[in-house]
Structures are given as structure tokens and as C-alpha cells.
Amino acid sequence: METILEINQLHKNYGTLTAVDHISFKIKKGHVYGILGPNGSGKSTTLGMVLNVVNPTSGGYKWFEGTTSNHDALKRIGAIIERPNFYPSMSAIQNLELVCKIKNIDTSKIEEKLTLVELLSRKHSPFKTYSLGMKQRLAIASALLNDPEILILDEPTNGLDPQGIRQIRDIIQKIAANGTTILLASHLLDEVEKVCTDVVVLRLGKMLYSGPVDEMNRNHGSIFIDATDREALHHFLKDKAYAGTITTNDDGLEVKLYEEVNNAQINKEAFENGIVLSKLFHKKQSLEDQFIELTNQN
Amino acid sequence: MKRLLDIEFHKFRYSKSSKTLTIIYLVIVVLLMLTGMIRISFNQFSGSLSDLGIFNFPLIWHITTYFTSYLKIFIAIVLVSLTASEYSNRTIKQNLIDGLSKKELILSKFYLALTLAVLTTLIVFIASLILGLIYSDFNEFSIIFSQMGYLGAFFLAHLIFFCFCLFAGILIKRSAFALGFVFVWYIFEGILNIIARLVDGFYDTSIYDWLLHILPLNAMSNLIKQPFTKIDLVESTLNQISIAEIDLQYDIEWLDILSVCIWSALFIYWSYVLLKRRDL
């Protein structure tokens, strides 16, 4: 599969502060990637470096397998960083015309993209009269003008009201459905969970995880189980292949799972061993738990 | 180059401050053309300004370029605010992300400065030509187009000043402060000049003469020297009080041309280095 972006040992220091610490990952065509990390974890700096506005301290990156120069590669990309940056006194149309001139494309797509983000009716108003949500939507329209091979979005829903967040997410999902590769940086888990197939987790500039969202944590959640005779239950469970660490809580045992289990099967086997279960349920770990777990390590 | 100019003029066209200040500039140039009708009385002389002979070819080239040179501050304000507001609106970052290289960005600004310098020179050329054709006592073709060097000097003076302003805008990032920087630098050169003169007075050196050529704004204003003493009336008055012995130079000096060109190139290069090194 075609590699769109390859990041190799990218590193950035601001004085003594390490913002990004030797990060490497690849972005393949057709996937929706999330860069996940708390505020200040180096997401924007990483994006800034690959977008040629922040100079890396060391390491490098290659767009489109190194076949074009960086600024030509950027013409094939659509990106918005942090907040929407446009010329305040120009209208939406005038701003987008300028972007077309920079990207060296014709202006025929402007109306179509403005329709997509539902801004067509305000196309002649100056940018400074827009609400934050409208500004953000204009930024997305601008990033889509060249039908980019990859769309990079940095915190696209930051500071928006719930309705605005909903609108932006709908637009992103629409774009993802068209098969456009997307790289989405966010500190919001459910955002990443809802749209992304792959995820890179950052904390304090270090990369903690990179891979598919569902494999982010290899465990299969845990079962919560209880019986009148806890001793016997503990003894019964500890030899099972699926059982990981067993912790005894006030309200029963929590067993971390190594593999998928069938609750009915467990119940049956326990009964056959003379143990009557008073409680049994399976809890899958949410992405949020996994995220907190990942970012709390070390 | 066409694409970069197109981008830059797109920004220029839709900026309010650039529109206003360009209009002010044009209005002043037109008003200046009307000054020929002003009547004055001075030293037993009475008549309109045009009777002074200041609109005679080729003197008019010197006179108009000298006076309209002061107006370049209006265009410079436009350039500084266009450049600095790219920082405050963060559009410079978006331009780079959209696929403009840092080199192209500086080049596009330089092309704008170059074009504005050419345009102002052209406007002053046309305005002077019209003025001259109306008021000049000599209308021979060879006289009309003599001493055109002043227009070249006018162009260079504008170019270096625009490049300086562009550099100030990139360096300081805030338009008001960048204009302040230009002003402070102007005063700084003034102070250096005073010090140099004092030192020259004490030690019989000629530092001041060198500073006049070496410092950017000095060299810029030294390109077109004051034309007052060339005006017939003033000249005759000076003769009457017999101080005409002073050897007055009006020529454009090659050293200034060289200095101005080098400074313009340096300002552009430094702007590029600044932009390249900075994290946006």
C-alpha cells in the first residue's frame, strides 16, 4: 500500500524543553489516523514539523515516498492547524481564491466545497464576521479545495459548541467515507474512537503506541465474578488459560482476560466444579480506560 | 514570478489600509501637480510657482522626484502592515501549509515591493511629464528627456526603503512596532551622523562622508540631493549675498547606487534567513 507520510526519529527541542521525542510512524493511504494525547503532548509540534512551519531539531520525514519537494507535497495536502487562519477583511470566496492561487489550481471547486460545509449563503461576507464554527468550517472547505490525498486536522472541534462539534464530525465522516486519508490530532478520545482506524498515542513528546485502534491494548477486558465460596472460586480460576491477574474486591473477584471468553461456558464449568456463581459479567475496557492506562504508564 | 505577484496583489487588493493609503498617495501626487498655480511673492518676485522655472525640463525631474520621495512613507506603511499582519493573523503559517515555500513567500513580497517601486516611479514620471509639458519653457525632445537619472535614483530609493520596511515587518511582526523600528532606525542614523561630524571636527577625519554612503537610509536620501539651490531665483539670491562659492553637488553618486543595491539585497536575504530559522 502507498505510504503517504513517513516520519523518522523526528525530534524537537524548545530550549531545554523536549516537545517531541524521537517519533517514528508511517501513514498509509486510505486509513483514518488519530494522534491522541493530552494537551501539551507534542501533537501540534509534530504536525507543524511535517507541514514545514516548525524546524525539526533532528530527524526527518518524507512525503509521498520522497518523490516531490516539501512545498510541492504540501500542495497535494489539505491541512488546518489549531485555529482557522484567514485574511479578516476578505470574504470566504476571496480567501479561497487566494488558496487556489497558492496551490496552483483553478477556482472551479470553491462553490462545491462551500456547499459541503454549508457556507454558500455567507460566501460574500468578510471572514471577520464569521462565528468560530463557521471559521472552522471555512478552514475545512479550504483544506479540501485541491481534493487532497490526505487531510490533516488539528483539534478541529476545539472551542465549538455541541452543535458545531456535531457539524464538524459529520463533515469529517462524510470525507472519510469518500476514502480520503485523514490525520486527526485530538485530545478527545471519543472523537478519535468515532472516526479513526489507527491511532498514535503521545505523552510528553514520547510515542506510547502506534497501531490499529482495536489493538491499542491487547487485553480483552475483565470479568467480574463472585460466589459464596470465594476460596474455591479463586482456586478454580487461577489455572484457566484465559485468566490473567485476579484481584479480590469487596464485591467479588476481578479477572483480567488474556483471550475472549464465553460467560455461559464459565458458568457451566464452575457449576460442574461445585461452585455456584452469584455474579458474572464481562466488562470490555473502553478506549478511555486504555488511554488513561497508556498515558499513566511510567 | 507571475503567480507570486498574483498572490501578493490579491492580498494587496483586498486590504483596507492598502486601498486607503494608495488613494492618499495618488491624491497628494495630483495636488502636487496643481501647485503650479499657487501664487507667491518672494524677494520682489511675484507670480505663480511655475514662473520660478521649477517646472522647466530637465530641472523638473530633480524637483518632483525630490519632493515626492517623501511620500514613500505612505506606501511603506502599506507594506509594513501587509507583512506584519501576516504574522498577527497567522496567515503566513497558513500560506506555508498551503504549499508556498519560504523562499517563494519572501520573493512574492519582494516582487510586490519591486512592482510598487516601479509603479510609483511611473506615476511620478507621468505626472512630471504632464506638469512639464504644461509649464516648461523648453519643449525640445532632447531637453525633456535629459537628466532622467533622477527617476532611476527615485526608483532605487523607493526599492531600498520598501525592502527595509519589509525586513522590519518580518523582524518585528507587529505593524505598529515595525513602523516604530523604522523610525527609531532613522533617528539612530541621525545620531550617528551627529557623532561622526563631531569626531570629524576634532580629528580631521572624514567619517561623516563615509557614513553618508554606507548607512542605508543615509545612502537612500543622499541619492537625490536637495534641488533648491538650482532654482534660478534662489541661485540669483545666493549670488547676491555671495555664498555661491560653496561647491554644491547635485549628481547621483555611483557609491550611493552601489550601497543602496547591496542594502536592498541584504534586507531581502535577511528576511529570508529570519523566516527560515523561525518556528511559526
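For first residues located in region A:19-41 and in contact (Cβ under 8 Å) with a residue 40 or more places away in the chain, partners that are part of a strand (DSSP E or B) and aromatic (Phe, Trp, Tyr) and lie 6+ apart or on another chain with Cβ distances below 8 Å form the pairs A:ILE27/A:TYR33. All conditions but one from (1) polar (S, T, N, Q); (2) under 25 Å from A:ASP289 (Cβ atoms); (3) touching a Lys or Arg at 6+ places or on another chain (Cβ under 9 Å) apply to A:GLN167; the one that does not is (2).
When A:ALA232 is tested against the conditions (1) free of Cβ contacts under 8 Å to residues at least 40 places away in the same chain; (2) open to solvent by less than 90 Å² (accessible area, probe 1.4 Å); (3) farther than 30 Å from A:GLY40 by Cα, the lone failure is (1). Annotation: of all residues in region A:124-149 being part of a loop (DSSP other than H, G, I, E, B) and of a type outside the set (D, E, K, R), the one that is most open to solvent (accessible area, probe 1.4 Å) is A:HIS124. Just one of the listed residues (B:SER128, B:SER142) is over 25 Å from B:ASP6 (Cβ atoms), part of a helix (DSSP H, G or I) and free of Cβ contacts under 8 Å to residues at least 12 places away in the same chain, namely B:SER142. For region B:87-95, the condition of being away from chain A (no Cβ under 14 Å) and in a helix (DSSP H, G or I) holds for none of the residues. B:LEU198 meets each of the listed conditions (1) open to solvent by 90 Å² or more (accessible area, probe 1.4 Å); (2) under 30 Å from B:TYR87 (Cα atoms) apart from (2).
Residues are listed down the side, and each one gets a yes or a no for (1) farther than 21 Å from A:VAL200 by Cβ; (2) among the β-branched types (Val, Ile, Thr):
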site: A:GLY40; (1), (2): no, no
site: A:THR46; (1), (2): no, yes
site: A:GLY60; (1), (2): no, no
site: A:LEU74; (1), (2): no, no
site: A:ILE77; (1), (2): no, yes
site: A:ARG83; (1), (2): yes, no
site: A:PHE86; (1), (2): yes, no
site: A:ALA92; (1), (2): yes, no
site: A:ASN95; (1), (2): yes, no
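For region B:187-231, residues that are without any contact (Cβ under 8 Å) to a residue 40 or more places away in the chain and of a type in the set (Gly, Ala, Ser) total 4. The residue that is farthest from the other protein chains (Cβ to nearest Cβ), counting only those in region B:56-86 that are open to solvent by 20 Å² or more (accessible area, probe 1.4 Å) and of a type in the set (Val, Ile, Thr), is B:ILE73. Of the residues in region A:103-123, not one is closer than 26 Å to A:ILE27 by Cα, in contact (Cβ under 8 Å) with a residue 24 or more places away in the chain, buried (at least 21 other Cβ atoms within 10 Å of the Cβ) and facing another protein chain (nearest Cβ under 9 Å). Restricting attention to region B:6-47, the residues that are at pLDDT 80 or above and either out of contact with any helix residue (DSSP H, G or I) (no Cβ under 9 Å at 6 or more places or on another chain) or closer than 28 Å to B:ASN95 by Cα (or both) total 20. I'd like to check something: does region B:57-77 contain any residue that is touching a Gly at 6+ places or on another chain (Cβ under 7 Å) and outside any helix (DSSP H, G or I)? Among the residues of region B:57-77, at least one is touching a Gly at 6+ places or on another chain (Cβ under 7 Å) and outside any helix (DSSP H, G or I), which makes the answer yes.
Across region A:1-47, the number of residues qualifying as surrounded by fewer than 21 Cβ atoms within 10 Å (Cβ to Cβ) and part of a loop (DSSP other than H, G, I, E, B) comes to 10. Contact map, region A:82-100: residues that are at the interface with chain B (Cβ under 7 Å from one of its Cβ atoms) paired with residues that are of a type in the set (Asp, Glu), Cβ distance under 8 Å, separation 6+ or inter-chain. Pairs shown: A:VAL99/B:ASP98.
The requirement of being away from chain B (no Cβ under 14 Å) and free of Cβ contacts under 8 Å to residues at least 12 places away in the same chain is satisfied by A:THR67.
Say whether the condition of being open to solvent by 50 Å² or more (accessible area, probe 1.4 Å), among the aliphatic types (A, V, I, L, M) and in contact with a Phe, Trp or Tyr (Cβ under 7 Å, 6 or more places away or on another chain) is met by at least one residue in region B:145-168. Yes, there is a match, as at least one residue in region B:145-168 is open to solvent by 50 Å² or more (accessible area, probe 1.4 Å), among the aliphatic types (A, V, I, L, M) and in contact with a Phe, Trp or Tyr (Cβ under 7 Å, 6 or more places away or on another chain). Scanning region B:16-38 for residues that are touching a Leu at 6+ places or on another chain (Cβ under 6 Å) and either among the polar types (S, T, N, Q) or within 14 Å of chain A (Cβ to nearest Cβ) (or both) turns up just one, B:THR35. The residues in region A:73-97 that are modelled with pLDDT of 90 or more and either among the aliphatic types (A, V, I, L, M) or closer than 16 Å to B:LEU100 by Cβ (or both) can be counted, and the count is 16. Answer with yes or no whether B:SER142 is open to solvent by 20 Å² or more (accessible area, probe 1.4 Å), of a type outside the set (Lys, Arg) and away from chain A (no Cβ under 14 Å). Against the criterion (open to solvent by 20 Å² or more (accessible area, probe 1.4 Å), of a type outside the set (Lys, Arg) and away from chain A (no Cβ under 14 Å)), B:SER142 qualifies. Across region A:13-41, the number of residues qualifying as under 26 Å from A:ILE175 (Cα atoms) and within 14 Å of chain B (Cβ to nearest Cβ) comes to 0. A:GLY78 falls short on exactly one of the conditions (1) more than 8 Å from chain B (Cβ to nearest Cβ); (2) open to solvent by 10 Å² or more (accessible area, probe 1.4 Å), and that condition is (2).
The values are calculated or read from the model by the stated rules, or taken from the named source; none is laboratory data. These figures come from a predicted structure and were not determined experimentally. Note that each Cβ is placed from the backbone with ideal geometry, even for glycine, and that neighbours are counted across all protein chains shown. Ligands, DNA and RNA are excluded from the accessible area calculation, which covers all protein heavy atoms including side chains. Shrake-Rupley method; radii C 1.70, N 1.55, O 1.52, S 1.80 Å.
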